[in-house]
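Single-structure report; data block below.
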Amino acid sequence: MASTFIRIDGPLMSLELNKDKNKVAVAGRRTFKIFSIDDGTFIEDLDLRGTDTVNLNYSFTDVSWNSKEDHLLATSATNGAVITWNLNKNHHSKQDRVFLDHKRTVNRIAFHSFEPWLITCSQDSTVRCFDLRTRDSGRIFKSNTESIRDVKFNPHSTNTFAAVCENGGLQLWDLRRQDKFYVQYAAHAEPIFSCDWHPDCQWIATGSRDKSIKVWDVTPSKPVLKYVINTIASVGRVKWRPMRKHQLASTALVVDWNVNIWDLKRPFIPFECFQGHRDIVTDIAWRTDPKSVVSCGRDYLLYYHVMSDAIRPADSANPQAVCVSCTGDIVYSHRVHSNTAPKPSKILVEKLLWKPLPTKAEFIDNSSQLNIFSMNKNMVPDEATEFFIQFAKRYLLTGKSLAEICEHNSNVAKTLRKHNISFLWDIIKQIFSTNFFDGEEILPSEEAETVAADREETDEESEIPTELAVALQVDDELPDLLSYDPKPPLDEMITDPCMIGDFVFGDKEMDPLSLDYDNCENLCLGMNGVFTDKFDLDENDWNLPTEAFALRHEIKESSPPPELLPSTLGPFYPEDTPIPSVKFVKSGKDHVPLHVKWSQKLPRWNSSELIAATLQHHANDGDFQTAVCVLLVLGEKRRYLTKTTNVDEVVQEQWLLSYIDTLNRYKLWNIATEVIQLSWLSNVSQLNQHSTTMRTSCGKCRRALVRSGWLCDRCHSTSASVCSICHKVVKGLFIWCQGCTHGGHLLHIRSWLRDNRLCPAGCGHTCEY
Amino acid sequence: MFEAHTINAQHKDLIHDVAYNYYGNRMATCSSDQFVKIWDQDEHGNWNLSAAWKAHSGSVWKVTWAHPEYGQVIATCSFDRTASIWEEIIDTNILKDSGGRQWVRRANLVDSRTSVTDVKFAPKTIGLFLTTCASDGILRIYEAPDIMNLSSWTHQHEVSSKLSCSCLTWTSSFNRLHVPLVAIGSDDNNASTGSKVLIYEYSEAFRKFSKIGDTVPYCFDAVHDITFATTHGRSYHLLAIATKNVRIVKVKPIPDNVVNIQSGASKFEITTVATFEDHYCTVWRVSWNVLGTVLASSGDDGCVRLWKSDKEYWKCVSVLKGDGSIPDTAMASDAAATLSTKARYLKLGPISHPNQVPYH
């Protein structure tokens, strides 16, 4: 059975179920009807009000159904009228009696559960108790407050009732003592709109505008606060749930259009919510079972809710939290179960991928444990952030020659055991610290390139053609030409060929897959992607056999060049330009045809693509630090990258800003400032010039001087910036005594103070500057 | 490698969120007990409670720190349908242990008609913006036009996703050509409502969101958490999704051509990079480290698992148990071994001599 609703011709204020809970009376400013509830649907039985009347007696605020005699109802109205209705009357008007004793709006009325008494509370601050057997105006109880918002007979004691007041007071009265309440208690700080006696114990729940529901135990002489429920809005109605000792339902006066069911054991979040109303819900009633609720609202709707349609807000709340700090600490909080039931095994959990609805016990089980996992400082740093800080602190970015910086940084990386980065620095040094990159027409470099390209293409075994290797070869040859001293790593590489198989090839023989993915033009797969891209782009420059494969791993410092290197050095090195073309043709038969026009001047080997791709690779791998530092160290030489590769200024700016931001995060302000100052992009280098202006204010009117330091825009006066000695306006540096505020031109004041101690303006102050 | 400390947070109900500040030396926790607590780390590394206050009249779902440039500012969102901005001020009139510091509510954003499920500040590069998402699926953006006045927030824009939202995240990139993106996740359980991860691009010129054409593939289960890694030097964004499993998705902006600039819509290439089933149950939260290289995920199995990329190849690097105990390395490697059979990644090649491969 699902929830149902019916639309009625007016906003509803109140509803009440009969004794058997199969009929409901609803009342509103323009409505008074009785519906029978049959199998979850509403069927209209009676319209007691009629439509034609404009009688204010029929502007209903509340309705009550006598729980002993099923034909008796009572209504209250905004004008203070209390009407009883007798359904057994034969006349079409079922109106029985009218009590006009209250002079102002009657807020709530209630029948006694078995005595023929009707109790009412009103804005006129009184409670009246009418005896239906007599014609008199009933007993009157004066509360000494502004108004009474709700009144309820105590179901556990014949002669007592509770009244809640607009001033936040809870009053308990004895019907036999008309003069004074026997208990009054300041229950809330704001008006209380509703109260309800617990069906089983001497508890009373109060709902207030202060967004809370409080449960009081009234057995002792002074009410004891048992529970507080914090709701999200002012509480309009509270109703205990039958057969559930610790649960009650509430509605709100503003904001919240749901019917919320709360569990006292977990007072922060509703156990269940009924949605559906589109305006404020004004009244609720439980049927006999605890699984269905009838509610009405200002949206003209009368709703029948069944429990299976309720939502449970706690279910969608996440019970866990995890956060990683910038230092690598991890904080984790999770729900802990107080009952130590054995945890289900993994297999079992896998079977139960759908989660059964949590029981009430699970709902109440609501404590979290907060753990922090932090790095053990005593152990070797093994964490990206720690490396980041170490690199940032130790790297040299400027101040020495490029070669020295590269060497230093390479050593830094080596000591931190980041051999791939160390090797990158070595390569950068090899490529850029020689001047073959400068100037287009330098002969030696051309020669070197020629040879390099040439070797690249003529290499029969084609195992070398990783650009890294090429770069090394180039450098290897250059020493003679450029009197360059090869680095020890190079020596090692040449003399230690035993590891080739493992390192260089072992890792990339599986490459069909990665080649496929290279087509996605992403560079993230490492060098592989870089190279395949490059071949496509650079066909005019030079070509490589397609099965040439590249290093996927960055090379460790100790990794050797391909073993063929020495042998290829020998035969080809002395050859001059015409010969390579022959060689080229020879080798071409094994490989993809190459269409390099050798008659033309050979283009220079352009390593910028490679460097750019390498940096991009590092950046994509999360290591933007290396990329930025390489760019910084390169200085002016980076313009080769800017011009020809996809590491354009936008990307460079992104890297720089990321690096600066991360340095700031680790509070490495000095390094961040150094980076800003070394930066070549105006957007970045202006970063530390933001917000560095200080403005002075006019000495007369205190308005900030915007245009110039000596003329105030508002009072058009320069009097505050007149030199006390020459009486002219000071347009440059103005120096003044902070004691008497007089001052003037720096030179004038200085010369004045050489001979005098008192203020030049004659104010008598002993000036101190 | 990790040491565990348990903090007795003394929240009276579940803790729903914890957040470190920019520098990692302060921490905010929020709970269903409607309280927010701020914890400060002293020079010995111990965490001390520095403030606690009742922030809302409903469960506080999320808490997040603003960039410290704007002061000590946090934002919270709650079941009570509001989001609040709090600032710590120094009041010399209050001489307490806290050194006269006090958190005051600067603004209360009351536009939502349903529970506000997440709140996030936009990256600093586009200004002081706050976004909220609610369980009725409405994403709202607020701007503080004057960063010195945190009590005035203008409601800039709202967009309805028609799915109950549970989480949201911004990309953070310093690349001028990267359009800021907001991804929202939905905890809607109905598979027929389509992908539960929606990505919106934020146009600064028009100050509005527009949904990007491409959707995150195969994401039809309820999403509980979603986080973009800080982009830093990358040419693409990495998005972690917590649903039935942990997923990492790559969102790569395709460089604009002239036509696209005119139509105002950017193109993206969205690919799933990794999927991990190791939690065997609902995954609740994911969180990236600052460099965007390590992902932490937590699930109903009570474990935090750390994932790290080794060239497009994501693997589990440690498992931290929620009860504070740390599984011994044998277990961790066992977990890694299980992973290798479970995770769907592309294996590029064996490493024949692991000791010669540099540490990644």
Matching option when the condition is over 16 Å from the mean Cα position of the chain (by Cα), crowded, with 21+ Cβ neighbours inside 10 Å and among the aliphatic types (A, V, I, L, M), among B:163, B:139, B:109, B:177: B:163
Cβ-Cβ under 6 Å pairs, at least 6 apart or on other chains, segment A:32-59 side more than 21 Å from residue A:76 (Cβ to Cβ), far side at pLDDT below 85: A:40/A:1
Selection status of residue B:121, away from every other protein chain (no Cβ under 13 Å) and open to solvent by less than 10 Å² (accessible area, probe 1.4 Å): no
So residue A:691, is it within 14 Å of chain B (Cβ to nearest Cβ) and at positive phi: yes
Test for residue B:211: is it at pLDDT below 90, open to solvent by 40 Å² or more (accessible area, probe 1.4 Å) and touching a Pro at 6+ places or on another chain (Cβ under 8 Å): no
Members of segment A:222-247 that are within 14 Å of chain B (Cβ to nearest Cβ), in contact with a Phe, Trp or Tyr (Cβ under 7 Å, 6 or more places away or on another chain) and part of a strand (DSSP E or B): A:229, A:230, A:235
Residues (charged (D, E, K, R), more than 23 Å from the chain's Cα centre (by Cα) and not in a loop (DSSP other than H, G, I, E, B)) located in segment B:1-54: B:3, B:54
Selection from segment B:56-83 of residues that are closer than 18 Å to residue B:20 by Cα, more than 11 Å from chain A (Cβ to nearest Cβ) and either among the aliphatic types (A, V, I, L, M) or assigned to a strand (DSSP E or B) (or both): B:66, B:73, B:74, B:75, B:76, B:77
Elements of type strands (runs of 3 or more DSSP E) in segment A:59-137, at least 3 residues being open to solvent by less than 20 Å² (accessible area, probe 1.4 Å): A:60-65, A:72-77, A:82-86, A:106-111, A:117-122, A:126-131
Of the criteria (1) open to solvent by 20 Å² or more (accessible area, probe 1.4 Å); (2) farther than 22 Å from residue B:121 by Cα; (3) at pLDDT 85 or above, which one residue B:222 fails: (1)
Every residue from segment A:307-324 that is at the interface with another protein chain (Cβ under 7 Å from one of its Cβ atoms) and outside any loop (DSSP other than H, G, I, E, B): A:313, A:316, A:321, A:322, A:323, A:324
Residue, farthest from residue A:66 (Cα to Cα), within segment A:5-17, restricted to residues that are of a type outside the set (A, V, I, L, M, F, W, C) and modelled with pLDDT of 90 or more: A:7
Members of segment A:118-131 that are under 16 Å from residue A:177 (Cα atoms) and not charged (D, E, K, R): A:119, A:126, A:127, A:129, A:130
Segment A:248-283, subset in contact (Cβ under 8 Å) with a residue 60 or more places away in the chain and under 15 Å from residue A:213 (Cβ atoms), residue nearest to the other protein chains (Cβ to nearest Cβ): A:266
Hits in segment A:635-669 - residues which are over 30 Å from the mean Cα position of the chain (by Cα) and either aliphatic (A, V, I, L, M) or at pLDDT 90 or above (or both): A:641, A:647
Residue list for segment A:386-403, restricted to those being assigned to a helix (DSSP H, G or I) and over 12 Å from residue A:634 (Cα atoms): A:386, A:387, A:388, A:389, A:390, A:391, A:392, A:393, A:394
Single match in A:137, A:122 (criterion: more than 51 Å from the chain's Cα centre (by Cα) and among the small types (Gly, Ala, Ser)): A:137
Residue within segment A:733-747 that is modelled with pLDDT of 75 or more, in contact with a helix residue (DSSP H, G or I) (Cβ under 8 Å, 6 or more places away or on another chain), open to solvent by 60 Å² or more (accessible area, probe 1.4 Å) and assigned to a loop (DSSP other than H, G, I, E, B) present: yes
Members of segment B:11-45 found to be free of Cβ contacts under 8 Å to residues at least 24 places away in the same chain and open to solvent by 10 Å² or more (accessible area, probe 1.4 Å), listed by number: B:12, B:25, B:40, B:41, B:42, B:43, B:44, B:45
Selection count, segment A:38-69, where residues are over 25 Å from residue A:152 (Cα atoms) and in contact with a Leu (Cβ under 7 Å, 6 or more places away or on another chain): 1
Residue A:766 being exposed (fewer than 11 other Cβ atoms within 10 Å of the Cβ) and either more than 40 Å from the chain's Cα centre (by Cα) or over 30 Å from residue A:620 (Cβ atoms) (or both): no
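Residue by residue, here is whether (1) aromatic (Phe, Trp, Tyr); (2) closer than 22 Å to residue B:244 by Cβ; (3) touching a His at 6+ places or on another chain (Cβ under 8 Å); (4) not in a loop (DSSP other than H, G, I, E, B) holds:
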| site | (1), (2), (3), (4) |
| --- | --- |
| B:139 | no, no, no, yes |
| B:142 | yes, no, yes, yes |
| B:149 | no, no, no, no |
| B:156 | no, no, no, yes |
| B:167 | no, yes, yes, yes |
| B:182 | no, no, no, yes |
| B:217 | no, yes, no, no |
Some residue of segment B:289-296 being over 21 Å from residue B:167 (Cα atoms), in a loop (DSSP other than H, G, I, E, B) and either in contact with a Ser or Thr (Cβ under 8 Å, 6 or more places away or on another chain) or modelled with pLDDT under 85 (or both): yes
Hits in segment A:1-35 - residues which are closer than 24 Å to residue A:112 by Cα, open to solvent by 70 Å² or more (accessible area, probe 1.4 Å) and part of a loop (DSSP other than H, G, I, E, B): A:19, A:20
Subset of segment A:608-626 [among the hydroxyl-bearing types (Ser, Thr, Tyr) and either part of a loop (DSSP other than H, G, I, E, B) or touching a Ser or Thr at 6+ places or on another chain (Cβ under 7 Å) (or both)]: A:608
Filter result (surrounded by fewer than 19 Cβ atoms within 10 Å (Cβ to Cβ) and either closer than 19 Å to residue A:647 by Cα or in contact (Cβ under 8 Å) with a residue 40 or more places away in the chain (or both)) within segment A:677-689: A:678, A:680, A:681, A:682, A:683, A:685
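The values are calculated or read from the model by the stated rules, or taken from the named source; none is laboratory data. Keep in mind the model is a prediction, meaning the values are calculated, not measured. Cβ coordinates were reconstructed from backbone atoms using ideal geometry, including for glycine residues, and neighbour counts include every protein chain displayed. In case anyone asks, the SASA skips ligands and DNA or RNA and just uses the protein heavy atoms, side chains included. Shrake-Rupley method; radii C 1.70, N 1.55, O 1.52, S 1.80 Å.
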